Structures are given as structure tokens and as C-alpha cells.
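Trainee: One structure, pasted below without further comment.
The values are calculated or read from the model by the stated rules, or taken from the named source; none is laboratory data. All values derive from a computational prediction rather than experimental measurement. Cβ: placed from backbone, ideal geometry, glycine included. Neighbour counts: every protein chain shown. Protein only, heavy atoms only, side chains kept; ligands, DNA and RNA dropped before computing areas. Shrake-Rupley method; radii C 1.70, N 1.55, O 1.52, S 1.80 Å.
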Amino acid sequence: MRELIHKLVETYGPSGAEEQIRAVIRTEVEPLADELRVDPLGSLIVHKQGSNEGKRIVLAAHMDEIGVMVTYVDEKGFARFTRIGGVNPLTCVGARVAFADGTVGVIGIEEKRDDTSKAPKFEQLYIDTGATSRDECPVHVGDAATFVRPFVAQGTRLIAKALDDRIGCAVLIETLRRLERTPHDVYFVFSVQEEVGLRGARTSAYGIEPDLAIAVDVTGTGDTPECAPMAVALGKGPAVKVQDRGMIAHPAVRDLLVQRAQEAHIPYQLEVLERGTTDAAAMQLVRAGVPSGCLSIPCRYIHSPSEMVDEGDVRNSVQLLLEVLRTA
Amino acid sequence: MILRELSEAFGVSGKEDDVRAVVLDAVREYVDEVKVDTMGSVLAFKRGTGQQRMRVMLDAHMDEVGLMVVGYDNDGFLWIRAVGGIDPRLLPGTLLQVGPERIPGVIGVKPIHLLKKEEGEKVPKLEDLVVDIGTKSKDEAKKLAPLGTYATFATEFRELGPTVSGKAFDDRAGCAVLVELLRGERFRFDLHAAFTVQEEVGLRGARVAAYGIEPDCAFALEGTIADDIPRDKDVSPTTELGKGPAITVMDRSFIADRRLVRLLTGTAEELGIPHQIKQPGIGGTDAGAIHLTREGVPSVTVAVPCRYIHSPVALLSLDDFNNTVRLMRESLSRLTRRT
């Protein structure tokens, strides 16, 4: 799986510009699909036909990642920018960003600030592509970029940008690869625009009308120095969501995940997340309502360019999804 | 000029009746069907020539920001609250029209002779402002302007030369563009025009209109922020007057469909129509509601840049207006399912 994860995390795909990452995922899943389509907002939907004895199930992971967008290019060729999704200005200073065509920029910070001990504001940051004038600047207003940071595997830990939620995409692809027979009609949804408001999952779920939906996404942990308390740790198994800021998981979906994990002796943890939410929150409220839950991969430093997950948690997530799909 | 009639019509969110009447009169003879939906939006249908089997939604909102009467004091002054985004700094001394009868009113202000220095430096709060409609008692005021009465700015439309000024260009400019498009030749696809209600209070009319229309793609037509006014730092403007229609790539409500953005910029470049990309991340439009409808609708926003929107008087360039109509018409004539 490492090679797949490596490829997924290093592919460009900020919210609203998922063409490149969609093409990469499409290549992986096309041979495995009974039916494949791209819906109106750009989400990739892979259908795996069941034996008609089970449910219509959506498994959703979002393809998009956080990033930045150019808002203005000044006379000297420096580009001002805004964020796409929850980018932290603290992780911007000194970072490199790459645009769709591969152009790289460095994020600089204005030196004249009232209080340099405070976290910078986005208005004080700019992207420097090395251009010396507006006309020469290779990037334009409306162009989007993502952070640059190479993938590293060290021991059992994987470190990369955009593990949120390419690791979920990798889990879905691996599950699809290893899925042999299932009674369920399964729709693997690689959704768009999660980071800007769970938009793609909402419209995809409307089109599919599932009986049950599970989002596969990252969640925070409570195992780093002086962090906010949270009963989730890296390496202790996938987390079954109880609730987050946007959703209370449907008890039947939560119990299904817990029960299958116990039966198959897969380690798992229960998760209550106090900040953030996932595609499941949007899918739950579509049409007349969809029983929804979330399988989370514990992840440190979410939304920084160096997110960290445990490879064992990733493998166990695949295992647990296979257990869920195996029987009715 | 249809923009004059639209601008001068009374249409605060939730009370769009006057604008609706102007729109109905303006488009009726140019469309195949027209109806008013449950929320009050005007939905006009213009059949295509049949060459493209596609449903295209064009949206412009009829409502404008304004004020609502929420109480009275014993001397016959009206208490008010904002409907939509109003900057209280602009209100003292402003002329209003109150209610469907358009009763003239003035937002009361202390003359400068009596103003203490500290008072002069403070921004007034909406709760501290009153509207004076000449009434002398609570009962008299209640009778003329019952609770819930809407008020809007009493601003005449003016032609200043290459620019025009008036109230409610957000979004009567978009309404006027849409009227012009409906008055032209048929397109190859079926055109569904929606003149929507209640955008300024949460994109409400567009949401249900799009649900009913079930479009394959959508264009929101707007009057948007032009802040090309003097500034101290080289970091903006959002859009500039005279530089052509502004195309949205991303704002707070949605991310535009890249294919539609390319259609618009490609058409503009091909024909030499001036155009600009609106500074991303600012504001929101009906496209925010439309693109999330049902299974999702690829959407984009195209706007006429307007200085001083949401104030008693806005200003736009007629060249920008005409170029917006032209860019939309030419882009739509190039729109296919494959776009």
C-alpha cells in the first residue's frame, strides 16, 4: 500500500481542482469497477455490484486537500493569497506551495508587523515565485496551490501532506482491491470539496440514495505533549466515531463497526472529536436521511504539511471495512 | 433603460413585489412560459432551438438590502433593524422610502452644532437610530408604518456619463443583464431564468428555484464589489470599474466549476471582451445555494462591478454592463454538454 499512498499524497488536488488526483485514482480503480462515473460536481463514484441480498452502501473518502489561492499579484510580482479550507497561518511561513502546472512558490511574511510575537494573519503573507514584476509572474488571480512536502515512511509511521484524506482514499482503493464477494451494492465515493464544507459528499449521496453511509477520514489524537485531551492514539487501531461537531453517528452504524471489529479481533478505539467533522455529517442529512457513521484513521498534526498516521491503523481500517462488507 | 426601472423599484428581501412586477412586464413577451414560485421568485422559460438537450439556469436576485420597522417611541419616531448587510455608518441623515406607499422618511441625526467631540468619533449603532416620517405620536406612526413595514433608500437613478448611479445595483444590475439576455435570440438549449427572492438574507429563493428547475449547469448574474478606490497598500482591489465583467473562481459560498470559468475566459479572450477575475474568497452569491442542489449543479458567477454596493447609492460603468451582456451571450452560444 505504501507505493499507492506515496502516489496519492504527492498528487495535486486542492478543493475545487481535483482533476489530477481524480485521474490518478481513476487509473487505480477503473479495472475493479462494475460501473464508474464522475458526478456533476466532480466526485468519482465506483460501483461494485453485490448479490442483491444486502444494502446499498456508500463508503466515502474525500480526494481534495487544503491549499491556497492567489487573490492579487502586486506590481513587483508578489502574490497575495487566501486559504482553501482550514489552513493554519503558522504552518505557512517558510512553506513551499505548488500550482497545478508545477510552478513552485515560497511563502514569505511582511517584516513590518505590530507584534511579531503573535501568529501572523493571512494578509501579512505572500507567495514569492521569484518573479520581478506583475507581468512576469507565472501565477494569476484564481490559481490554486497546495503545500509541497515529500512522503516519508519511518518505522510504522507514515508522514506526508494531505494524508487528510488521501489515506482514506488509499483505504477505499485497497478495500476495493481485496473485496471478493459481497451481498451489498457498494459505492466507493471519492468526493470533492470536503475541506470547504462537505459539498461533494452531499450531492453524491443525493444521487446514490444509500441505505447506509460510512465516511473514511482522519481524526485527531490525544497522544502528543501538552495536547488537548482526546481518547484516541496513533497505533491503537482505527477509530469508530461516536460523535463530532457536525454529527452524532447513527448507533446502528457505530455498533456494526464495533461488532465486526470484535468478531474479527481487529483493534479499534471509540472516538469523540470536539473540533471538525467529516463527509458523514453531510450524507446523514440527504433526502429523507441516511444512517451514517465514520471510520477514522488517527492522525497527528492534521492540516499541517506534515501529517502522521500509523501504518497498522491503516491496514486495520481496510480489514474492518472488508469485515463490514463481507456479510449482510 | 430597464436598469433605471429595476433600480428604482422597491424590493427589500421578503417584499419583492414591485421588482417582480417590473420583471414580469419586461420579460413576458420574450419568453415561452413564466410563473411565480411558492417563495415569490419569477421563473421564466425560453425554449431552445433543440440543438443542445440541456437545461441551463440563469439566476439574478430581485431583493435588495434595507430596513424594517420594529418599534416606535412616544414622539412618533420609528425604530429600525437591518434586513441584510447594512453599514450603520452610512445611515444618519439618509433619505428613505417607507412601506409600499413609499412614505418619505429621514434617518434622524443630531446637528453638528450640538455634537460632542466623542460622539462625533463613534460609529452609530442601528439600535440608536430612528426614522422620522413626520408623525407626532406612537399611534399615528403605527397607523402609517405598521410593525414589520420595510424601508429602502430613496435614491433616484442618474446617468453620470459613462457611469450611472442608483440604489440596489446588487442585484438589479444582474436582473437587467438577465432581462437583456431573455430579450435576445433563442439559445440552442432550454433557458430557465430565475429572478429570485431573499438572496441577501441567505440565498433562500435560489435554493428552491434550482430544486424545481433541476438544471445541468447554472450562471448567477450579479452586481459585485468594486473597491478600486484610493488605498495605502498594494494588495487589492476586489474588482475594478471599467475592466469588464468579473468572473468568480471561489468565494465564501462556492467554488466555481473550472470548465465554466474556462468557457467564459476563453470566449472573452477570443473576442477581445475585457474581463477580470474577482478577488477570491470574498462574498457569496446564489451560486452557493444552486450548486448544492440535488445531485449538484456546476455553477459560476459573472458580475457587473459596482462601487459602493449595500449603500444608499452605487455606481457602475455602462461599458462593463454591456460587456457583461455580451460575454454572457457569446459564452452561452458556445456552451455544449462537452464544455
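Trainee: Could you count how many residues in region B:280-331 are part of a loop (DSSP other than H, G, I, E, B), in contact (Cβ under 8 Å) with a residue 24 or more places away in the chain and touching an Asp or Glu at 6+ places or on another chain (Cβ under 9 Å)?
Mentor: So the answer is 15.
Trainee: In region B:197-211, which residues are of a type outside the set (A, V, I, L, M) and surrounded by fewer than 18 Cβ atoms within 10 Å (Cβ to Cβ)?
Mentor: Within region B:197-211, B:202, B:211 meet the criteria.
Okay, residues lined up against (1) in contact (Cβ under 8 Å) with a residue 12 or more places away in the chain; (2) within 14 Å of another protein chain (Cβ to nearest Cβ):
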| residue | (1), (2) |
| --- | --- |
| A:156 | yes, no |
| A:171 | yes, no |
| A:182 | yes, no |
| A:188 | yes, no |
| A:195 | yes, yes |
| A:223 | yes, no |
| A:228 | yes, no |
| A:248 | no, no |
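Trainee: Right, next: If you take just the strands (runs of 3 or more DSSP E) that sit entirely in region A:34-119, which of them hold at least 2 residues that are farther than 22 Å from residue A:139 by Cβ and more than 14 Å from chain B (Cβ to nearest Cβ)?
Mentor: Because the criterion is at least 2 residues that are farther than 22 Å from residue A:139 by Cβ and more than 14 Å from chain B (Cβ to nearest Cβ), the strands (runs of 3 or more DSSP E) in region A:34-119 that meet it are A:35-38, A:44-48, A:56-62.
Trainee: Next question, about the same structure. Show me the strands (runs of 3 or more DSSP E) entirely contained within region A:213-328 in which 3 or more residues are open to solvent by 10 Å² or more (accessible area, probe 1.4 Å), in contact with a strand residue (DSSP E or B) (Cβ under 7 Å, 6 or more places away or on another chain) and not small (Gly, Ala, Ser).
Mentor: Output list reads A:269-272.
Trainee: For residue B:284, only one of the following conditions fails: (1) within 19 Å of the chain's Cα centre (by Cα); (2) small (Gly, Ala, Ser); (3) open to solvent by less than 30 Å² (accessible area, probe 1.4 Å). What is its number?
Mentor: That leaves (3) as the condition not met.
Trainee: Tell me the strands (runs of 3 or more DSSP E) entirely within region B:1-108 that contain at least 3 residues that are of a type in the set (A, V, I, L, M).
Mentor: Per the criteria, B:42-46, B:55-61, B:66-72, B:78-83, B:95-98, B:103-107.
Trainee: Here is a further query. I'd like the full set of residues that are part of a loop (DSSP other than H, G, I, E, B), charged (D, E, K, R) and more than 14 Å from every other protein chain (Cβ to nearest Cβ), limited to region A:1-33.
Mentor: A:10
Trainee: Within the group A:293, A:312, A:289, which residue is free of Cβ contacts under 8 Å to residues at least 24 places away in the same chain and not basic (Lys, Arg)?
Mentor: A:289
Trainee: Ok, one more. Restricting attention to region B:212-248, which residues are in a loop (DSSP other than H, G, I, E, B), over 19 Å from the mean Cα position of the chain (by Cα) and of a type in the set (A, V, I, L, M, F, W, C)?
Mentor: Result: B:229, B:235.
Trainee: Which pairs do you get when a residue that is over 11 Å from residue A:129 (Cα atoms), found in region A:97-116, comes within reach of a residue that is of a type in the set (Phe, Trp, Tyr), reach meaning Cβ atoms under 7 angstrom, with the pair 6+ apart or on two chains?
Mentor: Note: pairs meeting the criteria are A:100/A:12.
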